[in-house]
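S.K.: Right, I'll just put the structure down here and ask away after.
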Amino acid sequence: MPRHAFVSRSHILHRSFAEHPAKVVGGDGISLILENGKRVIDASCGPSVSCLGHSQPEITDAITDHLKNDIAYVYSGSPYTSGAAEELADILLAHKPGGLSKAIFVNSGSEATDAALKLAVQYWHERGQPQRTHFISRKQSYHGNTIGALCVSGHESRREFYQHFMSSNVSFLDPCYAYRMKNKQETDEEFGKRLARQFEDRILEIGPDRVAGFVAETVSGTTLGCLPAVPGYFKAIRDICDKYEILLILDEIICGMGKTGTMHAWEQEGIRGPDIQTIGKALGAGFVPLSGVLLHQKIFDALSAGSGKLAHGHTFQAHPLACAAAIAAQKIIKRDNLIYRCADMGKKLETLLRQEIGPLPLVGDIRGRGLFWAIEFVQNKELRTPFAAKVDFCTQVVRHSLDMGLNILGNLGHTGEYQVDHVLVCPPYIVTEEELEEIVGLLKAAIVKTSQPFVKGYTNGHTNGIEQDWDR
């Protein structure tokens, strides 16, 4: 693939070498402002990060006030703490949701996953069961890009170059992907029970006394496209984890912190909660890098009764400035009742997507919760036939959307057995109904334009005797 001249000149090693990235010079509400003056509606919050939009003076003030009146940096490995880190943990855990009572704050979601895995292993050491080092994860999952996080991520193209580094003590199960995996005569309940049996069978195969934890995204993000589990799935998983004393580790880095209409996505699953949970992205709304690990009181009690310390740490762990920015973000979310707003505006977004996007001939499935939605594209609705990977249909939709002034997110590479062509629509919590209508209108136009070469006689969302060309 040829490299762009700008990328060759730039001293930044850009993630794509083939295109000239547009320079963003500012933000206004839910819009990005480019160097050429063009405004682009950010309907995906980047990778679902900027949940409060791109201009929040209160957060700017909180950051500058902290730098003026407090300490910029405190090392978590020293005998010190900071007011900002303590306050943020209090905001998140004062009412001990699901028994979660302690927090570790780090920088990226990948760091949070690594910390969660190490925490689980340390827990079993402290419990006198050091042989529990095996993790069970799911295919076509994504939990981060560091080596440790990739070991439990079922994302094939992101693991490809690093197979020799991948841990041998991780097993992968099928995801809860009912749209493609559920048998024709199977109910959601039966499908969920089948996956739960697969989980229990794998535990017994490995040996229950060797399994440290089960890792899963509560609502799958970029790999499977805002995919909730079928009702009852996570309850069955929680029960099996309890039966064999296996830690349930839920990844809510992308789907948590209000995005699905409740603070934690697991609150909609009818379970008591996880033993360890990762959070990020919407935690600090993208103004300063921040993610975290929340842990159940029983984890802390085991460490406290054993070594009395956390065998993990980072230089910038619990960074006071990052925590101060997140405090401001969380206060805005609570004051303006934005989690309830996510649920309410999410219903409006769902209605718009199903009415305007659902009938299009190459749209197979629309799924999500709150303000976290995805559209999956297929060659044939009835057969649910995916496009060949080389077509890269969703990337074409993303490019046409951007030409029209709309920023959305497509799938990020080949993730596994099932080719999932999808785009994510997860606008900021502050989005208005009028902006939702504009987002869906632009997205529809981009899908129609992308579909035209594949559906003959297709214009403006309508077909005259659909005739599809699958050989492109």
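S.K.: For ILE206, indicate whether it is among the β-branched types (Val, Ile, Thr), modelled with pLDDT of 95 or more and open to solvent by less than 20 Å² (accessible area, probe 1.4 Å).
M.R.: Criteria not met by ILE206.
S.K.: Please state which of the following conditions ALA84 fails to meet, knowing it meets all the rest: (1) over 30 Å from VAL425 (Cβ atoms); (2) open to solvent by 20 Å² or more (accessible area, probe 1.4 Å); (3) out of contact with any strand residue (DSSP E or B) (no Cβ under 6 Å at 6 or more places or on another chain).
M.R.: Among (1) over 30 Å from VAL425 (Cβ atoms); (2) open to solvent by 20 Å² or more (accessible area, probe 1.4 Å); (3) out of contact with any strand residue (DSSP E or B) (no Cβ under 6 Å at 6 or more places or on another chain), ALA84 violates only (2).
S.K.: Something else now. From the list LEU32, LEU52, pick out the single residue that is in a loop (DSSP other than H, G, I, E, B), within 22 Å of the chain's Cα centre (by Cα), surrounded by 12 or more Cβ atoms within 10 Å (Cβ to Cβ) and at pLDDT 95 or above.
M.R.: LEU52
S.K.: All but one of (1) touching a Phe, Trp or Tyr at 6+ places or on another chain (Cβ under 6 Å); (2) aliphatic (A, V, I, L, M); (3) closer than 30 Å to ALA328 by Cα; (4) loosely packed, with under 15 Cβ neighbours inside 10 Å hold for VAL74, so report the exception by its number.
M.R.: The single condition VAL74 does not satisfy is (4).
S.K.: Which members of region 237-293 meet the condition of being in a loop (DSSP other than H, G, I, E, B) and of a type in the set (Lys, Arg)?
M.R.: Once the filter is applied, which keeps residues that are in a loop (DSSP other than H, G, I, E, B) and of a type in the set (Lys, Arg), region 237-293 yields LYS259, ARG272.
S.K.: Considering only region 124-160, state which residues are open to solvent by less than 10 Å² (accessible area, probe 1.4 Å) and outside any strand (DSSP E or B).
M.R.: Selection gives TRP124, GLN140, SER141, HIS143, GLY144, ALA149, LEU150, VAL152, SER153, HIS155.
S.K.: While we're on this one: For region 14-28, state whether one or more residues are in a loop (DSSP other than H, G, I, E, B) and buried (at least 19 other Cβ atoms within 10 Å of the Cβ).
M.R.: Within region 14-28, not a single residue is in a loop (DSSP other than H, G, I, E, B) and buried (at least 19 other Cβ atoms within 10 Å of the Cβ).
S.K.: On to the next question. Say we look at region 216-249 and pick out the residues that are at pLDDT 95 or above, within 11 Å of the chain's Cα centre (by Cα) and of a type outside the set (Gly, Ala, Ser); which of these is farthest from SER171 (Cα to Cα)?
M.R.: CYS226
S.K.: May I pose another question? Only one of (1) assigned to a loop (DSSP other than H, G, I, E, B); (2) of a type in the set (A, V, I, L, M, F, W, C); (3) within 21 Å of LEU283 (Cβ to Cβ) fails for ILE59. Which number is that?
M.R.: Only one criterion is unmet by ILE59, namely (1).
S.K.: Still on this structure: Do any residues in region 321-336 that are open to solvent by 10 Å² or more (accessible area, probe 1.4 Å) have Cβ atoms under 9 Å from those of residues that are of a type in the set (Ser, Thr, Tyr) and in a helix (DSSP H, G or I), where the two are at least six apart or on different chains, and which pairs are they?
M.R.: That search, which allows pairs on different chains as well, returns ALA328/THR60.
S.K.: Here is a further query. If you go through region 181-212 one residue at a time, how many are in contact with a strand residue (DSSP E or B) (Cβ under 9 Å, 6 or more places away or on another chain) and either closer than 30 Å to THR385 by Cα or not aliphatic (A, V, I, L, M) (or both)?
M.R.: Residues in region 181-212 being in contact with a strand residue (DSSP E or B) (Cβ under 9 Å, 6 or more places away or on another chain) and either closer than 30 Å to THR385 by Cα or not aliphatic (A, V, I, L, M) (or both): 7 in total.
S.K.: For the condition assigned to a loop (DSSP other than H, G, I, E, B), more than 20 Å from PRO47 (Cα to Cα) and open to solvent by 20 Å² or more (accessible area, probe 1.4 Å), what is the one hit in GLU356, GLU382?
M.R.: Being assigned to a loop (DSSP other than H, G, I, E, B), more than 20 Å from PRO47 (Cα to Cα) and open to solvent by 20 Å² or more (accessible area, probe 1.4 Å) holds for just one of GLU356, GLU382, which is GLU382.
S.K.: If GLY410 passes every condition in (1) modelled with pLDDT of 95 or more; (2) surrounded by 19 or more Cβ atoms within 10 Å (Cβ to Cβ); (3) under 22 Å from LYS259 (Cβ atoms); (4) not β-branched (Val, Ile, Thr) but one, which one does it miss?
M.R.: Result: GLY410 passes all but (1).
S.K.: Still on this structure: Considering (1) farther than 26 Å from VAL398 by Cβ; (2) touching a residue at least 60 places away in the same chain (Cβ under 8 Å); (3) of a type outside the set (Gly, Ala, Ser); (4) not in a helix (DSSP H, G or I), say which one LYS118 fails and leave the rest.
M.R.: Exception for LYS118: condition (4).
S.K.: Then there's this: Would you pick out the residues in region 161-179 that are under 23 Å from LEU250 (Cα atoms) and either out of contact with any helix residue (DSSP H, G or I) (no Cβ under 7 Å at 6 or more places or on another chain) or open to solvent by 40 Å² or more (accessible area, probe 1.4 Å) (or both)?
M.R.: Within region 161-179, SER167, SER168, ASN169, PHE172, PRO175, TYR177, TYR179 qualify.
S.K.: Where the second residue is part of a helix (DSSP H, G or I) and polar (S, T, N, Q) and the first is under 20 Å from SER220 (Cβ atoms) and lies in region 162-177, which pairs have Cβ atoms under 8 Å and are six or more apart or on separate chains?
M.R.: LEU173/GLN198; ASP174/GLN198
S.K.: Within region 271-291, restricting attention to residues that are open to solvent by 10 Å² or more (accessible area, probe 1.4 Å) and not β-branched (Val, Ile, Thr), which residue is nearest to the chain's Cα centre (by Cα)?
M.R.: Selected residue: LYS281.
S.K.: Report every pair of residues separated by at least 6 positions or lying on different chains whose Cβ atoms are under 9 Å apart, first residue within region 301-314 and without any contact (Cβ under 8 Å) to a residue 40 or more places away in the chain, second surrounded by 14 or more Cβ atoms within 10 Å (Cβ to Cβ).
M.R.: SER304/GLU126; LYS309/LEU303
The values are calculated or read from the model by the stated rules, or taken from the named source; none is laboratory data. Being a predicted model, the structure only gives us computed values, none of them experimental. Neighbour counts are summed over all protein chains in view; Cβ atoms, including those assigned to glycine, are modelled from backbone coordinates with ideal geometry. To get the accessible areas, we keep the full protein, side chains included, count just its heavy atoms, and leave off ligands, DNA and RNA. Shrake-Rupley method; radii C 1.70, N 1.55, O 1.52, S 1.80 Å.
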